[in-house]
Amino acid sequence: MPALKGAGLASRRVAADVLARVEQGAWANAALDAALARTTLSGPDRALATALVFGTLRRQRACDWLVDEALRREVELPVRIALRLGAYQLVFLGQPAYAAVSTAVATAPRRAAGLVNAVLRRIAAADERSWPSPAVELSYPDWIVERLFEDLGEPDALGALGAMNEPGAAAIGAGGTHQDLASQWVAAAVPHPAGGIVVDLCAAPGGKAVAVGAGPSLVAAVERRPGRARRLARRVRRDDGALAVLVADGRFPPLRPGFADCVLVDAPCSGLGALRRRPDARWRLDPGAPARLSQLQRELLEGSVGLLRPGGTLVYSVCTLTRVETEGVDAWIADRFPSLRPLPRLGPPWQQRGRGEILLPQTAGTDGMFLLRVALPG
Ligand SMILES: C[S@@+](CC[C@H](N)C(=O)[O-])C[C@H]1O[C@@H](n2cnc3c(N)ncnc32)[C@H](O)[C@@H]1O
């Protein structure tokens, strides 16, 4: 059995171990980094372990449904994980049955080898599947599918949900770190006049602050969480330009009013546009998150407008797609601060949403993002 030889099996063992840790509450990205740091796997085997962890987590609900159709009883967690991994390889990676089944059997507890073998062979033998719902087939919680159907319309929602099941392309942003293209476009849309002052009210991990700081403005990077602020401060090097990190609550910025040329509110959000990069996030979010976060977004915006000088620009962005965090916030700003006037939109691949614009994850292979730019009269 060639698939059992060499490190292919080691990659699958690492994947099974990480999936077990995620079940115990660990974040996938952190658990994977920690597990890979402990191994001597080669580059391609690390990539395989990563693809298996992220892919199986994204498709977890679909994999569990496939398993449950073939095995109508509960099994202990290590067996469930071996079955999920096997089902993912069979159905979503299209691996040959002998390879997927034999490696799943080898990663399962020995006493469950017969059961894992039988269940996966049953899954492999099925020639057609009638998924009970798009949420099961696309492997999302019901509420996320329902919310995006309602907020984006069914075709765009299906496109977005499908796109976020694919691995993201790694893009290199300012400072040589990984940053999604959509985030780079948002940073590029932040006005930063020579000698001007830009306040970033939600700055860590700092992709946008560092990108803007490379230009001719001074950036005040505000972050509420000290650990995150410290990591951002460490990331700032002399050649990143003028950037000062402040630990503070952006709702009550300790800065002089009326002096900023631009305030960026890249707010905490439900992240429903960035699920590609956070494969386990969909299972952790609760349905109340978008409404709860939109309240925080408004409070941050409330604190931001007073910082602007006449003619200054407010930039609001979130990596999510729900109406309450995008158009809903735009409508609230229009009502609360009628003197703020919209700046010209960026245009394609962005699409108009209210006075701002949205970038769907399927349009340009980026994260999904919402951007609004409004300015005070000069
Ligand atoms: C979406 S992230 C920002 C990403 C960042 N702008 C970038 O480009 O890398 C939101 C950040 O806001 C921080 N945050 C949350 N509540 C805050 C508050 N009240 N004041 C300031 N920062 C806050 C979070 O800790 C998180 O680091």
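Computed from the coordinates by the stated procedures, all read-outs in this text should not be read as laboratory data. Because the structure is predicted, anything quoted here is derived from the model rather than measured. In this analysis, Cβ positions are derived from the backbone assuming ideal geometry, glycine residues included, and neighbour counts consider all displayed protein chains.
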Antiparallel bridges, percent of DSSP beta bridges restricted to segment 174-375 (to nearest 5): 45
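Neighbouring Cβ atoms within 10 Å as the yardstick, rank Trp350, Trp131 fewest first.
Values: Trp350 21, Trp131 13.
With the sparsest Cβ surroundings first, the list reads Trp131, Trp350.
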Global geometry of segment 2-129, whether rounded, prolate or oblate, following the gyration tensor of its Cα atoms and the 1.5 cut on a/c: prolate
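Among DSSP bridges having both ends in the chain, what percentage is antiparallel? Round to the nearest 5.
Numbers: 15 of 33 bridges.
So the antiparallel bridges in the chain amount to around 45 percent.
With a 10 Å radius around each residue's Cβ, average the other Cβ atoms per peptide and rank 260-269, 149-158, highest first. Write down the numbers at each step before the final one.
On the way: 260-269: 24.6, 149-158: 15.8.
For the peptides 260-269, 149-158, the packing ranking is 260-269, 149-158.
Place the peptides 324-330, 104-110 in order of packing, highest mean first, counting for every residue the other Cβ atoms within 10 Å and averaging per peptide. All intermediate terms of the calculation are to be shown ahead of the outcome.
On the way: 324-330: 22.4, 104-110: 18.7.
Per-residue mean Cβ counts within 10 Å order the peptides as 324-330, 104-110.
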Rel. contact order, % - alpha carbon contacts under 8 angstrom, at least six apart, segment 174-375: 20
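How do Trp65, Trp332 line up, fewest other C-beta atoms within 10 Å first?
On the way: Trp65 19, Trp332 16.
Least crowded to most crowded, the residues run Trp332, Trp65.
Can you bin the chain into rounded, prolate or oblate? Criterion: square roots of the alpha carbon gyration tensor eigenvalues sorted a ≥ b ≥ c, rounded for a/c under 1.5, prolate for a/b above b/c, oblate for the rest. Display every interim value, and only then the final one.
Working: a/c = 2.74, a/b = 1.91, b/c = 1.43.
The shape class here is prolate.
Would you compute, from DSSP H runs of 4+ residues alone, the mean residue ellipticity of the chain at 222 nm, taking -39500 (n - 2.57) per run and dividing by the full residue count, rounded to the nearest 500? Before the final figure, lay out each step's value.
Values: 17 runs with 175 residues, N = 378.
Helix contribution divided over all residues of the chain: -13500 deg cm²/dmol.
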Charge dipole magnitude, Cβ of K and R +1, D and E -1 - segment 1-155, Cα centre, debye nearest 20: 900
Anisotropy class of segment 175-287 from Cα gyration tensor, a/c 1.5 cut: prolate
Size of charge dipole - the chain - debye, nearest 20, with Cβ of Lys, Arg +1 and Asp, Glu -1, no other charges: 1180
